[in-house]
Structures are given as C-alpha cells and as structure tokens.
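The values are calculated or read from the model by the stated rules, or taken from the named source; none is laboratory data. Predicted model, so just to flag it, every value in this text is computed and none were measured. Quick reminder, even Gly has a Cβ in these numbers, built from the backbone with ideal geometry, and neighbours come from all protein chains shown.
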Amino acid sequence: MFDETELLTLIKKLVTIDKKWIPSEPGYSLYLRPTMIGTKKCQFWFPFSQFSSFLMPFVSDLGVAASTHAMIYVIACPGGPYFGNGNTALPLYAVSESVRAWPGGTGSFKLGSNYASGFDPQRRAAALGYKQCLWLLEENGEHKVTEAGAMNFFVVLKKEGKEGEKDGLEVVTPPLDGTILPGVTRDSILRLCDAHGPETPLPDYDPETRLEPHERSMTMSQLQKWAAEGRLVECFCVGTAVIVASVDRIGYGEKEITLPQGTPIANALLSRLQSIQEGKFEWQAWSVKC
Ligand SMILES: *Cc1c(COP(=O)(O)O)cnc(C)c1O
C-alpha cells in the first residue's frame, strides 16, 4: 500500500505546479482522482524492456490474475458543473432488471469494471427521458434502493412528530453494506447535517430545524408510501463531480414519484460544500490546505 500522507504531499505538489488549471468560476473545479492500475511485467515477450526503463511501467502481462505490481497516479482535470449550472433537477429511472453492485461483489470499491454494466441501462433510461438510473436490488420480494448513476443517494423525510411539536427531518442514505460506494461526499453530507444547528447552521436554512442523519436501508414501496403521505420532501444525489443534485421525479415501471419543487436542504448542502471547497468557509474536519 502506498503511504497516504506521501500521496497527499505529491498531490499538493501537483496542484501547485498545475494551479493555472484551477478554474475560477463558481461551480467549476480541478477534479483530482487518484487511480491505480496493475503493471505486472511480462519478462519473456518483451526482452528489451529490461534495457528500457521508460517502457517498463507500460509493459504489462496478458492474463487473468491479480497483478504483482501496481502504479498509482493522479488525474487532474478542470471540470464544470456536471448536469448544468447550480442545482438542476435530475430525473431518475429506477432499474431492477440490471444490477450495478450485488452482495459479495465489488460495489464498495471504485473499480472501472463496476461501470460497464451501467451503460446499457443508462441509455435506456435516457431514451425514456430520464437523466440517470436509480439502482435497485431485489431482497425478500422488495426493491431496495442503493445508488443513483455513479452517485450516492439521499432522501429527506418528515419525522412523524407528536402534535404541536416542531417536527425534525431525517436525512437518510443506504448503509455501507458492501453494495454501496463509501463516497467522500456522502460522508461529508452526513457530517454537515449532524453539525447543523444554531452554532453552525447551513446557509439559508432554519437553524432550529434538526436534521438527523441516518444510514438505513429503504425500499421503493417505502418511497412511494412516504411520497403519498407527503413525508418525502427531498431526494438528492451526491458525488465529487456533481456535488449535490436534487431529484425532481423517479420513474418506476409505469409509475412515477414526483418530488416537491423547492429543495432547501440540497441547496443549503451544495452551497456549504462549495464554500468549503472555495476556502470561503473554514471547516477543519476534512479540508486540506495546499
Ligand atoms: C464515485 C462514486 C460515488 C461518489 O463518491 P465520491 O467519493 O463522493 O466522489 C458514488 N457512487 C459510485 C458508484 C461512484 O463511483
């Protein structure tokens, strides 16, 4: 395993050298993605490789086996708003006949191979007028909700409070059961919701309304029930590239769940994450200065 503090030092160096590529417009950023590839060398087919140290990292083995060598590198690329500027509405199409990740599989790792199975369902969802797939997993005859596209998924639920009490809200995302990518944005959102209150309120959001973060599974029938009861107030997707994107509707077979138009919590979280990224809001918990 490569020493992660060394990697951070190298990333800082890279960003310093390439700082002219950091976009200045809000919503734009320099996307950094550490990547690892297998570089097991083939001694016999490439006898000259031992003389050419330049070629060495690129000469790899052809075969189906775990690699004995690996190379870690960092992609740095200026990126713009993923689905258009600001928090644009994202229609999702719930998919159960194709599976992104399954129990015992590799869904909790960011592997290139996890994406291939999503391309065809994504194309079908787009043909039906949706932007991304909402990945479901069948369990005990129910459709469990996992992730959306290559993003973690959240719902905001009104709590069933006693009459006269100021109702809090639950911000719920599926638990890390092996089928979910443990995204850094997901973790940040859970922590920002937990910290919301009179001391560190989210921007333009009522400091008195408690936001309770929960990691808990949810099914499509629950989503339908909560929507019918008026308790499902927001759904949003999160990830490094998109930051936070609100969902306006979810197609599910012939049916569709429509979400309320206003998305104050997703907007507040997007705005807070952007201000942390732009260095306008000090948040010691996870910011790293270059
Ligand atoms: C990258 C990715 C995410 C988001 O992870 P971040 O660390 O927040 O960028 C979520 N789900 C999947 C499947 C992903 O590939």
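Would you mention how many residues in region 167-192 are modelled with pLDDT of 95 or more, over 16 Å from Ile243 (Cβ atoms) and among the small types (Gly, Ala, Ser)?
Looking only at that region, the number is 1.
Return the residues of region 224-241 that are of a type outside the set (Val, Ile, Thr), within 13 Å of the ligand (Cβ to nearest atom) and surrounded by fewer than 20 Cβ atoms within 10 Å (Cβ to Cβ); say none if nothing qualifies.
Hit for region 224-241 is Ala241, nothing else.
When the residues of region 181-196 are narrowed to those that are under 11 Å from the mean Cα position of the chain (by Cα) and charged (D, E, K, R), which ends up nearest to the ligand (Cβ to nearest atom)?
The residue in question is Arg186.
So which of Gln261, Gln274 ends up being within 16 Å of the ligand (Cβ to nearest atom) and either surrounded by fewer than 19 Cβ atoms within 10 Å (Cβ to Cβ) or not charged (D, E, K, R) (or both)?
Gln274
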